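The following block contains the structure, expressed as structure tokens.
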Amino acid sequence: MIKYVIKKFLYSLLVLFGVVTIVFFLFTILPGDPAVIILGQHASKDAVEKLHEKLGYNQPLINQYAYYLNDLSPISIHSTKDKTKPNFLDDSQYRYTIICSISSSACLVVKFPYLRQSYYEENKKVSQIIGENIPETFVLALSSIIFASLFGISLGIIAALFKDKWIDKSILVFSALNISLPSFVSGLIIMWVFGFVLRDYLHLNHVGTLFPTDDFGVEYVSIKNLILPTITLGLRPLALIVQLTRSSLLEVMSMDYIRTARAKGLSLTKIVLRHALKNAMNPVVTAISGWFAGLMAGAIFVEKIFDWKGIGLRVFDALDQKDLPVVMGATLVFATIFVVINLIVDIIYSYLDPRVRIK
């Protein structure tokens, strides 16, 4: 078991290393000079060159990559003398704890990964921006996956029990429609129908955030603003959960031990809830865990449509402003969340079913 966990952990680190490499080189080759973006189009050549030197953009690409890895690594090198070199640790960037000295001018330190600073919010770290915006995205993703799981599993069970009947075909058409519609299309439709046409009856806002402010500037929690974004973001995973639950339950219902349970006179409800459903949930749980991480990264357009003040909306604005450190940092955070969730699910599966470790 320990060897399996170590192997999965090392594989996860390798995946994250690949993501970091792709993100760095992808955003580095994008057109546009970051120094010009920060200082403006009318900045002097001397000012641009000084900022290049400060940020390390005058260094060879491989050196910039090494500095970036040094910033992101929890264990990295700190220069104790030359603080002018780009991206070396100092107190103005982040806190650190010294592990040991490497030489007279450098030491090994442990720290939190440094995602650098925003181009547009002066002296504001990307980690701080993400920390301020990610809670609302987490709440939105969590509520969406709960909505998708409850309704998706329920509809999947109904479709399986009424196989090839009109209700089964209706549910399959509904799920196929939700899978085929992009979130920004379904979001616009839901916002127009429930936020405008039916607003006088449902009293739902077409835009809003989880923590709006009243007339006196005091924040309060508004669950009502969460409803429409939750439905929009949860429709696609709901459709997938419906189909997975239906197909998996039909497969389990055809097994011998289910026939034995029927022969003993057990009711269909007891057979499904006590015997079949438990064994049919493995692929569904896998899909739910994967979708939760995906929803956090895929909430950008939904947050933009409903003006939900989460990390997705902040990334959307950063893309418009070409604030590359924010976009890169958010991408790495989303990738880390996805990898960590998959690692946890793999470990849980290996504990529940030893055959997973053997495979």
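All but one of (1) over 19 Å from the mean Cα position of the chain (by Cα); (2) buried (at least 18 other Cβ atoms within 10 Å of the Cβ); (3) farther than 29 Å from Val15 by Cβ hold for Asp323, so report the exception by its number.
Among (1) over 19 Å from the mean Cα position of the chain (by Cα); (2) buried (at least 18 other Cβ atoms within 10 Å of the Cβ); (3) farther than 29 Å from Val15 by Cβ, the lone unmet condition for Asp323 is (3).
Restricting the search to segment 218-237, which residues are buried (at least 20 other Cβ atoms within 10 Å of the Cβ) and either touching a Lys or Arg at 6+ places or on another chain (Cβ under 6 Å) or among the polar types (S, T, N, Q) (or both)?
Within segment 218-237, Asn225, Thr230, Thr232 qualify.
Collect the residues in segment 286-299 that are part of a helix (DSSP H, G or I) and either over 16 Å from Phe151 (Cβ atoms) or in contact with a Phe, Trp or Tyr (Cβ under 7 Å, 6 or more places away or on another chain) (or both), keeping them in residue-number order.
Thr286, Ser289, Gly290, Ala293, Gly294, Met296, Ala297
Between residues in segment 127-148 that are modelled with pLDDT of 90 or more and residues that are acidic (Asp, Glu) and part of a helix (DSSP H, G or I), which pairs lie under 8 Å by C-beta distance while being six or more apart or on different chains?
Thr137/Glu303; Leu140/Glu303
Then there's this: If His52 meets every condition in (1) within 17 Å of Lys125 (Cα to Cα); (2) at pLDDT below 80 apart from one, which number is that one?
It is condition (1) that His52 fails.
Now for a different question. Would you call Leu240 out of contact with any Cys (no Cβ under 6 Å at 6 or more places or on another chain), open to solvent by 30 Å² or more (accessible area, probe 1.4 Å) and touching a residue at least 12 places away in the same chain (Cβ under 8 Å)?
The answer is yes for Leu240.
Mind listing just one residue for me: the one in segment 56-74 that is open to solvent by 70 Å² or more (accessible area, probe 1.4 Å) and either outside any loop (DSSP other than H, G, I, E, B) or basic (Lys, Arg) (or both) and, of those, farthest from Ala35 (Cα to Cα)?
The selected residue is Ile62.
Out of all the residues in segment 136-187, which are out of contact with any helix residue (DSSP H, G or I) (no Cβ under 6 Å at 6 or more places or on another chain) and polar (S, T, N, Q)?
Selection gives Ser154, Ser170, Ser180.
Would you tally the residues in segment 113-148 being closer than 26 Å to Tyr96 by Cα, assigned to a helix (DSSP H, G or I) and open to solvent by less than 40 Å² (accessible area, probe 1.4 Å)?
Total meeting the criteria: 5.
What's the total number of residues in segment 247-287 that are under 30 Å from Val340 (Cα atoms) and open to solvent by 40 Å² or more (accessible area, probe 1.4 Å)?
7
Can you tell me which condition Thr209 does not meet? The list is (1) at pLDDT 90 or above; (2) in contact with a Lys or Arg (Cβ under 6 Å, 6 or more places away or on another chain); (3) among the polar types (S, T, N, Q), and all the others hold.
(1)
So Thr28 passes all but one of these: (1) within 18 Å of Leu332 (Cβ to Cβ); (2) modelled with pLDDT of 85 or more. Which condition number does it fail?
Failed condition: (2).
Looking only at segment 75-84, decide whether some residue is hydrophobic (A, V, I, L, M, F, W, C), modelled with pLDDT under 85, farther than 22 Å from Asp323 by Cα and surrounded by fewer than 17 Cβ atoms within 10 Å (Cβ to Cβ).
yes
Also, quick follow-up: Condition check: more than 26 Å from Val327 (Cβ to Cβ), in contact (Cβ under 8 Å) with a residue 40 or more places away in the chain and open to solvent by 80 Å² or more (accessible area, probe 1.4 Å). Does Phe151 satisfy that?
yes
What pairs come out if I take residues in segment 8-35 that are outside any helix (DSSP H, G or I) and pair them with residues that are of a type in the set (A, V, I, L, M) and modelled with pLDDT of 85 or more whose C-beta lies under 9 Å away, six or more apart or interchain?
What qualifies is Leu30/Leu324; Gly32/Leu324.
The values are calculated or read from the model by the stated rules, or taken from the named source; none is laboratory data. The structure presented is a predicted model; accordingly, all values stated were derived computationally and were not measured. With ideal geometry, Cβ positions are generated from the backbone for all residues, glycine too; neighbour counts draw on all protein chains shown. Ligands, DNA and RNA are stripped out before the accessible areas are found, and what is left, the full protein with its side chains, is counted by its heavy atoms. Shrake-Rupley method; radii C 1.70, N 1.55, O 1.52, S 1.80 Å.
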